[in-house]
Amino acid sequence: GIANLYQAIYEICLFDGMKPDPQNERMTLERMKAHFSQLSGEEWEWMYLCAERAAFSGEQIDKEEQKQMFRLYQKFRRAYLKTLNRKKKFWFLYGKGM
């Protein structure tokens, strides 16, 4: 669900060379916001908070939030793919299977 989609976006960021900060998830989010303009700061924040809620609370995430997360994932992935050259795009799609 939502946490998996957020993880997929995170993996794309790592594929692009972003260095994670395993000790500070908030700092990693700030790096994602700063280096990946495919999404707005508000969209990044919403995704982070929604994924955090889905992963760590017993709260049920409604269908509309799930749809919104999927739309943001698609928006990010499509925009990111446009930035890649052929060789890197091929590796992204077929080598990494993203």
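The values are calculated or read from the model by the stated rules, or taken from the named source; none is laboratory data. All of these numbers come straight from a predicted model, not from anything done at the bench. Here the Cβ positions follow ideal geometry from the backbone for every residue, glycine too, while neighbour counts run over all protein chains shown. Remember, those area values only see protein heavy atoms, side chains included, never the ligands or the DNA or RNA. Shrake-Rupley method; radii C 1.70, N 1.55, O 1.52, S 1.80 Å.
Tabulated data
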item	result
Leading residue by the ranking (nearest to the chain's Cα centre (by Cα)) among those in segment 61-90 that are polar (S, T, N, Q) and over 12 Å from residue 5 (Cα atoms)	83
Pairs, first closer than 20 Å to residue 25 by Cβ in segment 52-65, second of a type in the set (Gly, Ala, Ser) and open to solvent by less than 80 Å² (accessible area, probe 1.4 Å), C-beta under 6 Å, six or more apart	54/3; 55/3; 61/54
Enumeration of residues in segment 52-98 that are within 16 Å of residue 36 (Cβ to Cβ), assigned to a loop (DSSP other than H, G, I, E, B) and either open to solvent by less than 70 Å² (accessible area, probe 1.4 Å) or not hydroxyl-bearing (Ser, Thr, Tyr) (or both)	84, 98
Filter result for the condition that a residue is touching a residue at least 24 places away in the same chain (Cβ under 8 Å) and of a type outside the set (Gly, Ala, Ser), over 14, 5	5
Residue 27 being aliphatic (A, V, I, L, M) and either modelled with pLDDT under 85 or not in a helix (DSSP H, G or I) (or both)	no
Residue within segment 51-60 that is among the charged types (D, E, K, R) and more than 13 Å from residue 2 (Cα to Cα) present	no
The lone exception for residue 76 - which of (1) under 21 Å from residue 91 (Cα atoms); (2) free of Cβ contacts under 8 Å to residues at least 40 places away in the same chain it fails	(2)
Any pair with Cβ under 6 angstrom, 6 or more apart, that starts in segment 79-92 at a residue that is under 24 Å from residue 40 (Cα atoms) and ends at one that is among the polar types (S, T, N, Q)	79/38; 80/38
Where a residue in segment 19-38 is surrounded by 14 or more Cβ atoms within 10 Å (Cβ to Cβ) and its partner, wherever it lies, is among the basic types (Lys, Arg), with Cβ under 7 Å and at least six apart	38/75
